[in-house]
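Each reported figure results from applying straightforward, stated rules to the coordinates on display, with no laboratory input. Just so it is clear, the model here is predicted, and its values are computed rather than measured. Cβ: placed from backbone, ideal geometry, glycine included. Neighbour counts: every protein chain shown.
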Amino acid sequence: MVTIVRDEAPAVYLDHAASTPLRPEAQAAWLEASARLHANPTGSHRAARAARRALDDARDDVAAVLDRPSSEVVFTSGGSEADNMAIRGVLGARGGTAVCSAGEHHAVLEPVERAGGVTVGLEADGTVSPDRLADVLRAEASVSVVSIMTVNNETGVINDIPALVEVTRACAPDAVFHTDAVQAMSWLDLRTHVASADLVSITGHKLGGPVGVGALLMRDGVVLDPLISGGGQERGRRAGTPDVAGAVAFASAITATDAERPEARRRLGALRDRLVAGLRSQLGGRLMATVLDGGAPVAAGIAHVIVRGVEAEALLFLLDAAGLQASAASSCSSGAQDPSHVLAAMGIDRMVAQGSLRLSLGHTSTEADVDAALAIIPPAVERLTACGGG
Amino acid sequence: MTARPRRPVLVMMSGGVDSSVAAALLLDAGHDVVGVTMKLWGGPSDTGCCAVSDVDDARRVADRLGIEHHVFNFGDDFERNVVAPYVDDHAAGRTPNPCIECNRHLKFDRLVRRADALGFEQIATGHHARVVETAHGPRLARGVDDAKDQSYVLHVIEESVLRRLLLPVGTMTKNEVRAIAADLDLRTATKPESQDVCFITNQHGRKAFLGDRIPLRSAVVQTSDGDDVGRVEAVELVTIGQRKGLGLAGGTDPRYVIDVDAGRGGQPVVTVGERADLAVGHTPLESWRWVGRVLDDRELSFQCSAHGSPAPGRVIDGRVEWAVPHRKIALGQSIVAYDAQGCVVGGGIAGRLPL
């Protein structure tokens, strides 16, 4: 019989890759800025200048974390807008063909596919192979934009962006290289990892900033058709009254994330490893550590596993009922679980992929969360296995 | 919280008024209710089922009632057990009822297995039908509202499922259901009913749907004497009793399709005749399943379409012998037998009655 944990019960949150709680410093920054900086920063009075200064300070902070000039930071409503802006912006300005990996977030994949672009399959270890990308780029004439994510949002696999940029330069010298680094900021130093990329998408709510604010880093000289045109804000690259408080809070969160990264990687990586080891010892052969045994580097806080013979949808229901919040693949708009296109691109059988479970850790995760997960998941798996998988 | 443990009920919420009220009634009766909407069809839909807007309605009703709501994606099961057979049936010149197959394979099988796995002893839907206890076990009976009775499309529910099935609106008229919904201020109170096959859009229709999946074959339209009188573009879309769209010249008495021979491999033929030619003394059964006990040769009442009028007859030697001549039934249509109390006692599929 199900025991349903009601809303007031404490929950174990292991879905940080979907959205991580707001950091206290980001919340304080937002509240302060939203109360004090009410003016439109494009105005010419003192209040406007105050807002403008806060916006520019926030831009400097974000730029510093990526070691880019401030002029390259275009604030957006988040990662999806930044991704769309990159793909559609290049195609709009220059035409040509878009190329991306088959494991991209839908915010890249859909604009590429809609424009008749080309996708590059993933390797069995979840990475994008520079050689395979090179083959595609050599076969395609007039590639104008290449988009490969830094860290995969489902598996946590880290791509070798410097090598992928290098083959792009060699095989499609005119192409703009974009990377969706939305999942990467907490785990990688983007000053080095994506230094050679022309366009970089980042977002606030994956690192403790508010939802609804992100940025596209745009190398000077890259020309994009704006998605939103109007009042010329963000140097004509993204119109609309700037969200000053959002930008300030985003800057606060990204600065904190950057400062804490070495310690967070160590601490959360150890928690993740203990979680996976614990699941392995309890579930034995039923647990497949999707990419963690494959040799590819994986973001420290993400544990993607496949529980054989179990349907993720049923497993998530039981976990939720027991107070554990996690996810499987990407959710479709109705809230149903859709089969993972990422695992399909890695060549994992659709039936096997139904047992996907993504446990993702973040800045609020604790040892107690791992203990709770290890107490909750195995019995739920047992139950479903006894019932034919769910 | 020291309340007595309550048995949780999983209620299927389609986003319509009936299942909204079913959930509300169960909650009111003290059950621990969890709502679920099945996502079955991933393609375009404008016929009021499986659409995101229906999931929204179900979720918002659940929010209003203060119950949990989940969405289960059974798209692969639906494609395999409902859509693919629907297409194959049309290719074979049959007239399938996909809603019945959805009930058989999805609502009252796949979801029941999911309910088992999640620990729900009881399941509920907003269908207009009732589960009644008889001396021979639980039986599905007609809903109180004759005009809305859905027992025909539910006849496939196994006895083991009937034992744990709650149908709270089966004892009500549709007007009563709507009144309760209005009283509770549920957003689905005045929502129109879904009528059509959820995966066939009104905009593009059955022909476009089938045409995307199978080659549609043209057929000659003949009289039973073998005279060619017309032509149809797609034999897959023709059904027994059809009058229109046969390419017939005007000025004669109305003619009806009395036989469809999909002629696997060969030339398909549609035969037309007069209305009287549609009247038959018996209908062969391709498959038949009695509920619990065999009632061969008993006078029963038979319904042959979702809102058809029941007709008396008996099952004898694998066919229904009609008490009075009955309109010919298309190959593939379901026939459901009821006893005098309005309980489903058997059901099956009409076979082809050769000319």
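A few comments on the model shown:
- DSSP beta bridges in chain A [antiparallel fraction, %, rounded to 5]: 55 percent
- Cα-based radius of gyration of the range B:8-183 once divided by 2.2 N^0.38 Å, which approximates compact folds: 1.01
- Of all DSSP-defined beta bridges confined to the protein assembly as shown, some 65% are antiparallel rather than parallel.
- Pairs from the list B:107/B:148; B:39/B:328; B:174/B:207; B:107/B:174; B:244/B:328; B:107/B:191 with a Cα-Cα gap above 24 Å: B:39/B:328; B:174/B:207.
- The Cα-based radius of gyration of the range B:182-226, divided by its Kirkwood radius, gives an Rg/Rh of 1.34.
- In chain B, the longest principal axis of the Cα atoms and the axis of helix B:17-28 are about 30 degrees apart.
- Whether the protein assembly as shown is rounded, prolate or oblate, judged on the alpha carbon gyration tensor where a/c under 1.5 counts as rounded: prolate
- Dividing the mean sequence gap of close Cα pairs (under 8 Å, 6+ apart) by how many residues the range A:93-162 holds gives a relative contact order of 38 percent.
- Charge dipole (Cα centre; +1 on Lys/Arg Cβ, -1 on Asp/Glu Cβ; no other charges) of chain A amounts to roughly 540 debye.
- Cα centroid separation - the range A:205-265 against the range A:110-138, whole Å: 27 Å
- If the chain linking residue B:64 and residue B:248 were pulled fully straight, counting 0.36 nm for each residue of separation and taking away their Cα-Cα distance, it would gain 60.7 nm.
- Inter-part distance, the range A:266-338 to the range B:299-326, computed on C-alpha centroids, equals 55 Å.
- Its relative contact order, with pairs defined as Cα atoms under 8 Å and 6+ residues apart, puts chain A at 23 percent.
- Farthest toward positive dipole pole in the range B:216-273 [+1 Lys/Arg, -1 Asp/Glu at C-beta], among B:252, B:220, B:242: B:242
- Zone residues, the range B:249-270, relative to residue B:227, backbone N less than 18 Å from point 7 Å out along Cα-to-Cβ: B:249-259, B:270
- Against the rule of thumb 2.2 N^0.38 Å, how large the Cα Rg of the range A:24-256 comes out: 1.01
- Rounded tilt (10° steps) of B:52-65 against the dominant C-alpha axis of chain B: 30 degrees
- Cα gyration tensor shape of the range A:118-261, rounded if a/c is under 1.5, else prolate or oblate by comparing a/b with b/c: oblate
- Dipole magnitude (debye, nearest 20) for the range A:55-145, charges at Cβ of Lys, Arg, Asp, Glu: 440 debye
- Using a Förster distance of 45 Å, the FRET efficiency for residue B:294-residue A:11 (Cβ separation, nearest 0.05): 0.25
- Residue order, fewest to most surrounding Cβ atoms within 10 angstrom, among A:32, B:133: B:133, A:32
- Between the range A:5-76 and the range B:135-154, the alpha-carbon center distance in angstrom: 59 Å
- For the range B:279-350, the square roots a ≥ b ≥ c of the C-alpha gyration tensor eigenvalues yield an a/c under 1.5, which makes the shape rounded.
- Shape descriptor for chain A: Rg over Rh equals 0.98 (Cα atoms; Rh from the Kirkwood inverse mean 1/r).
- Contact order relative to length of the range B:134-244, as percent, for alpha carbon pairs under 8 angstrom and 6 or more apart: 14 percent
- Cα long-axis angle, helix B:174-183 against chain B (0 to 90 degrees, to the nearest 10): 30 degrees
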